[in-house]
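Read through the structure below, which is laid out as structure tokens, and then see the notes.
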Amino acid sequence: MLFHVRGRAFPFIKGGKIKEATELYRRLLPLFDLDAKPQLVQSIKYMMELAGQPVGPTRPPRLSLSTEDYNQIKKHLIELYKK
């Protein structure tokens with residue numbers, strides 16, 4: 001799911017469509033920021049669930065995401081796929 005959208009940036013750049021590539025990058029950036037958080041594994045598992053490929057809960061000692069985190073991830077994915 002995310003890889004499909006991310007893969008669209010390369011043809012934009014290769015074709016000189018920097019504006020389109022930049023717009024796509026800005027839409028992806030909130031999700032890329034998850035990489036720097038300790039809840040990365042939980043976030044990836046939740047995004048996979050939203051993509052219809054659930055992989056189950058994380059194992060201890062990892063904790064579940066907060067409701068706010070769940071809502072933010074879902075919001076970012078919805079925004080990403082609107083266009």
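The values are calculated or read from the model by the stated rules, or taken from the named source; none is laboratory data. In this text, all values refer to a predicted model and were calculated from it rather than measured experimentally. Note that we place each Cβ from the backbone using ideal geometry, even for glycine, and neighbour counts take in every protein chain shown. Heads up: the accessible areas ignore ligands, DNA and RNA and are worked out on the full protein's heavy atoms, side chains in. Shrake-Rupley method; radii C 1.70, N 1.55, O 1.52, S 1.80 Å.
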Residue 22-residue 82 FRET efficiency (beta carbon distance; Förster radius 22 Å; 0.05 resolution) | 0.80
Expressed per residue, the solvent accessible area of the chain in Å² (1.4 Å probe) is about 75 Å²
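Give, as a single signed number, the net charge of other residues whose beta carbon lies under 14 Å from the beta carbon of residue 41, with Lys and Arg counted +1 and Asp and Glu -1. Provide the component values of the computation, followed by the final result.
Details: positive: 37, 45, 59, 62; negative: 35, 49, 69.
So the environment of residue 41 carries a net charge of +1.
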In nanometres, what is the gap between the two model label sites at residue 68 and residue 49, each 7 Å from Cα along Cα-to-Cβ?
-> 1.9 nm
With axes computed from alpha carbons, what is the tilt in degrees of helix 18-32 against the longest principal axis of the chain, rounded to the nearest 10 within 0 to 90?
-> 10 degrees
How far is it, in nm, from the label point at residue 29 to the one at residue 13 when both lie 7 Å from their Cα along the line to the Cβ?
-> 1.6 nm
Taking the chain and counting helices only, DSSP H stretches of n ≥ 4 at -39,500 (n - 2.57) each over all residues, the nearest-500 ellipticity at 222 nm comes to -19000 deg cm²/dmol
Which entry in (1) 37, 29, 18; (2) 65, 23, 22; (3) 46, 22, 20 matches Cα extents along the principal axes in Å derived from the coordinates of this structure?
-> (3)
Between 0 and 90°, nearest 10: helix 67-82 axis offset from the chain longest Cα axis | 20 degrees
Heavy-atom accessible surface of segment 16-83: percent carbon and sulfur, 1.4 Å | 55 percent
Relative to the chain, whose Cα atoms define the longest principal axis, helix 40-50 and its Cα axis are tilted in degrees, nearest 10, by 80 degrees
